[in-house]
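Colleague: To start, I am sharing the structure in question, which I have written as structure tokens.
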Amino acid sequence: SKTISKCYVQVTGMTCASCVANIERNLRREDGIHSILVALMAGKAEVRYNPAVIHPAAIAELIRELGFGATVMENCGEGDGILELVVRGMTCASCVHKIESTLMKTKGVLYCSVALATNKAHIKYDPEAIGPRDVIQVIKDLGFTTSLVKKDRSASHLDHKQEIRQWKRSFVVSLVFCIPVMGLMIYMMVMDSQLSDAHAHHNMSSEKMEALHSSMVLEYQLLPGLSVMNFLSFLFCVPVQVFGGWHFYIQASRALRHNTANMDVLVVLATSIAFLYSLIILLVAMAERAKVNPVTFFDTPPMLFVFISLGRWLEHVAKGKTSEALARLISLQATEATIVTLGPDNVLLSEEQVDVELVQRGDIVKVVPGGKFPVDGRVIEGHSMVDESLITGEAMPVTKKPGSTVIAGSINQNGSLLISATHVGADTTLSQIVKLVEEAQTSKAPIQQFADKLSGYFVPFIVAVSVVTLFAWIIIGFVDFEIVEKYFLGYNKSISAAEVIIRFAFQASITVLCIACPCSLGLA
């Protein structure tokens, strides 16, 4: 008997089904080539040949002569079918051994492992020699019940609804509390500039005086050291820190547990330090009944959270759009197929309904009018019009007669067809398209990888810089106090010099952290 080998050739430059037909037709004529099967979306040809007559490199050359790019693929493991089964009725290790040894003796099974604890069997097989139904039959004959591991066809992992909701909520919360804080800040700024004007000119109109008094209301101390302005800012800041920042905290803690620093860590660090520092400063001011209101950073966290949660929300909305398209594609796949057994002269002997995953290459599948094609195949018998618009975009139905190729997911219109399955499971055109879209979504753009890498260095770098700032100012302060005195606002003689220096140093280092945080927006 002639030995038959199998090789895979990567084919580039195929644009449509006629390219496929062209390659298949021409190569079938060649000596030593047994059969050839070309998958358009995967760009792959599977050739069975007689190694005594022809070798893979020559086959690739033949395809090149037709005007396509062709390279022989080294790893032939690509062609192995993989089957995941749930096996019921196993009681002990000997059952497991019985199933494994029987399957391994079966022709065409390459690898098999059965887990007693989970009742699962993982089987690799050669689709040329054996198919999933045969494997299931072997296990049934041993006296166990078995079924396919149900695949999640709903594509729920592509659903971004929950994230969209969550970021929208955190954006709205932050925004609601951010606006009043912003308003207060701007108001204070305007008033401060008018105050300094007034001090410069000494002569003031009555309206100006009133405006200043209203500004004084915000500076008015409810308790010694606690101004209205700071109290309100604090009230508005707490909900944002808790509700707006909730997801950031979760993400950041996860990142830190794995010893990595990402964007979330920086956001959390900056906002928490700004918040805690402001809170402590306030408490200190109240404890020492300060006359001058301390400078707080309560405005930073809400503003940061607003920007970043808005960004995240938009990002997930965009992702959701692509995923929706993908989910629609997945939903086009048929779930069941009618497999028929033919007698001589194509007489129907029997038919059975099976799961699409159980259709084997070479099976004869019957497709009724209005039905979906479960797999890619070739028509054996029957004439019909087929709507292939989901793949080709061609609105007009295409005529199918014996010998024509059909695409999984397209819809049969008026005649009943018998087709022979050529591509099943993950090899069908539709599965390949879904796979391409999924890969495109999961792979990162080079610039994005670069940004991620940078932010890995960026976070520790910023933290280091702010620590350096802190110590640098403390040293400067103790060496030359005048410099600090010049820049520190609201310095009054009642506080000790050391405390002034430390406060100023803290302000400077927090400012570095908070300003570097929007840089992470730049990264984003």
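The values are calculated or read from the model by the stated rules, or taken from the named source; none is laboratory data. All values reported here derive from a predicted model rather than from experimental measurement. Virtual Cβ from ideal backbone geometry, glycine too; neighbours counted across all protein chains shown. Calculation scope for accessible area: heavy atoms of the full protein, side chains included, ligands and nucleic acids excluded. Shrake-Rupley method; radii C 1.70, N 1.55, O 1.52, S 1.80 Å.
Colleague: Return the residues of region 377-406 that are surrounded by fewer than 17 Cβ atoms within 10 Å (Cβ to Cβ), part of a strand (DSSP E or B) and of a type in the set (Ser, Thr, Tyr); say none if nothing qualifies.
Modeller: Once the filter is applied, which keeps residues that are surrounded by fewer than 17 Cβ atoms within 10 Å (Cβ to Cβ), part of a strand (DSSP E or B) and of a type in the set (Ser, Thr, Tyr), region 377-406 yields only 399.
Colleague: Exactly one of these conditions fails for residue 3: (1) in a loop (DSSP other than H, G, I, E, B); (2) within 30 Å of residue 134 (Cβ to Cβ); (3) under 38 Å from the mean Cα position of the chain (by Cα). Give me its number.
Modeller: (3)
Colleague: Could you please find all residues in region 16-31 being at pLDDT 85 or above and open to solvent by less than 20 Å² (accessible area, probe 1.4 Å)?
Modeller: Answer for region 16-31, where residues must be at pLDDT 85 or above and open to solvent by less than 20 Å² (accessible area, probe 1.4 Å): 23, 24, 27.
Colleague: With the structure loaded, tell me whether residue 375 is outside the structural domain of residue 41 (by the TED database), β-branched (Val, Ile, Thr) and over 20 Å from residue 24 (Cβ atoms) or whether it fails that test.
Modeller: No, not satisfied.
Colleague: Pull up region 132-179, narrow it to residues that are outside any helix (DSSP H, G or I) and touching a Leu at 6+ places or on another chain (Cβ under 8 Å), then point me to the one that is modelled with the highest pLDDT.
Modeller: Taking the candidates together, the pick is 146.
Colleague: Take region 26-64 and flag every residue that is more than 42 Å from the chain's Cα centre (by Cα) and in a strand (DSSP E or B).
Modeller: 33, 34
Colleague: Additional query: Residues in region 455-472 that are modelled with pLDDT of 85 or more and open to solvent by less than 60 Å² (accessible area, probe 1.4 Å): how many?
Modeller: Of the residues in region 455-472, 6 are modelled with pLDDT of 85 or more and open to solvent by less than 60 Å² (accessible area, probe 1.4 Å).
Colleague: For the structure I just gave you, tell me whether residue 330 is touching a residue at least 40 places away in the same chain (Cβ under 8 Å) and touching a Leu at 6+ places or on another chain (Cβ under 9 Å). Even if it seems obvious, please write down each step before you answer.
Modeller: Values: touching a residue at least 40 places away in the same chain (Cβ under 8 Å): yes; touching a Leu at 6+ places or on another chain (Cβ under 9 Å): yes.
Yes; evaluated as a whole, the condition is true for this residue.
Colleague: Among the residues of region 355-376 satisfying the criterion of being in a strand (DSSP E or B) and more than 13 Å from residue 425 (Cα to Cα), which is most open to solvent (accessible area, probe 1.4 Å)? Let's see the steps before the verdict.
Modeller: Within region 355-376, the first condition is being in a strand (DSSP E or B), and the residues that meet it are 355, 364-367, 372, 376.
Filter once more, so that each one left must be more than 13 Å from residue 425 (Cα to Cα): 364-367, 372.
Numbers: 364: 33, 365: 0, 366: 50, 367: 4, 372: 75 Å².
This residue is 372.
Colleague: Being open to solvent by less than 60 Å² (accessible area, probe 1.4 Å), free of Cβ contacts under 8 Å to residues at least 24 places away in the same chain and of a type in the set (A, V, I, L, M, F, W, C), is that true of even one residue in region 65-88?
Modeller: Taking every residue of region 65-88 in turn, none turns out to be open to solvent by less than 60 Å² (accessible area, probe 1.4 Å), free of Cβ contacts under 8 Å to residues at least 24 places away in the same chain and of a type in the set (A, V, I, L, M, F, W, C).
Colleague: Consider residue 349 carefully, then state whether it is open to solvent by 50 Å² or more (accessible area, probe 1.4 Å) and modelled with pLDDT under 85.
Modeller: On the way: open to solvent by 50 Å² or more (accessible area, probe 1.4 Å): yes; modelled with pLDDT under 85: no.
Considered against the rule, which asks whether it is open to solvent by 50 Å² or more (accessible area, probe 1.4 Å) and modelled with pLDDT under 85, residue 349 comes out as no.
Colleague: Being in contact with a helix residue (DSSP H, G or I) (Cβ under 9 Å, 6 or more places away or on another chain), among the small types (Gly, Ala, Ser) and either open to solvent by 50 Å² or more (accessible area, probe 1.4 Å) or more than 30 Å from residue 365 (Cβ to Cβ) (or both) is the filter here, so list the residues in region 289-341 that pass it.
Modeller: 290, 309, 311, 320, 323, 325
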